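Read the structure below first, then the notes.
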Amino acid sequence: MSTEETSRFVRLRVELVLEVRDESEVTKAALRRVAGDSDLPEAERAHAESAVTEDTAEALAYLVDPFDLVGEVPGVELQQASWSSERIDYDPDSPEWDLDRDDGEDDEEEDGIG
């Protein structure tokens, strides 16, 4: 039997590119989220506050939660998630940012495969 026929697990990959128009608003929102997290131990809270204050990408990673993305989807339960954020150079006109192509598509074409 193939994996599609036997596995109930699906890996969903999502890539987002966000334009930060107001870093202070992002930081404030992340600090509010940290302050409102009653399950966060004090030592971790201090580390989280420092991280979101020093780096807007960290603040976004704290605000955007994969659990929130699928929590209301009927019939599924999130089993595992990981995410990260980083500052990038973004050019929407560059072929590198063509979201309609599969990852590695250029590599295969350059190697003479595909």
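The values are calculated or read from the model by the stated rules, or taken from the named source; none is laboratory data. Keep in mind it's a predicted model, so treat the numbers as computed, not measured. Cβ coordinates were reconstructed from backbone atoms using ideal geometry, including for glycine residues, and neighbour counts include every protein chain displayed. Just the protein is used for accessible areas: all its heavy atoms, side chains included, with ligands, DNA and RNA removed. Shrake-Rupley method; radii C 1.70, N 1.55, O 1.52, S 1.80 Å.
Tabulated data
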quantity: Carbon/sulfur fraction of accessible area - the stretch 54-97, other protein chains in place, 1.4 Å, %; calculated: 47 percent
quantity: Per residue, in Å², the accessible surface of the stretch 36-104 once ligands and nucleic acids are set aside, probe 1.4 Å; calculated: 81 Å²
quantity: D (Stokes-Einstein, µm²/s), Kirkwood Cα radius, the stretch 30-71, 1.567 mPa s at 4 °C; calculated: 122 µm²/s
quantity: Derived scalar couplings ³J(HN,Hα) [the stretch 26-43; Karplus, 6.51 cos²θ - 1.76 cosθ + 1.60; whole Hz; x for Gly, Pro]; calculated: 5, 4, 4, 5, 5, 5, 5, 5, 4, 4, x, 7, 6, 8, 7, x, 4, 5
quantity: Where labels lie 7 Å past Cα in the beta-carbon direction, separation of ARG45 and GLU25 in nm; calculated: 2.7 nm
quantity: Taking the C-alpha atoms of the stretch 5-56, convex hull volume expressed per residue in Å³; calculated: 130 Å³
quantity: For the stretch 47-102, projected area of the alpha-carbon convex hull averaged over all directions, nm²; calculated: 6.1 nm²
quantity: Per-residue HN-Hα couplings for the stretch 66-73 [Karplus 6.51, -1.76, 1.60; θ = phi - 60°; Hz; x = Gly/Pro]; calculated: x, 4, 5, 5, 10, x, 9, 7
quantity: Label zone at LEU18 (point 7 Å along Cα-to-Cβ), backbone N below 18 Å, the stretch 47-62; calculated: 48-62
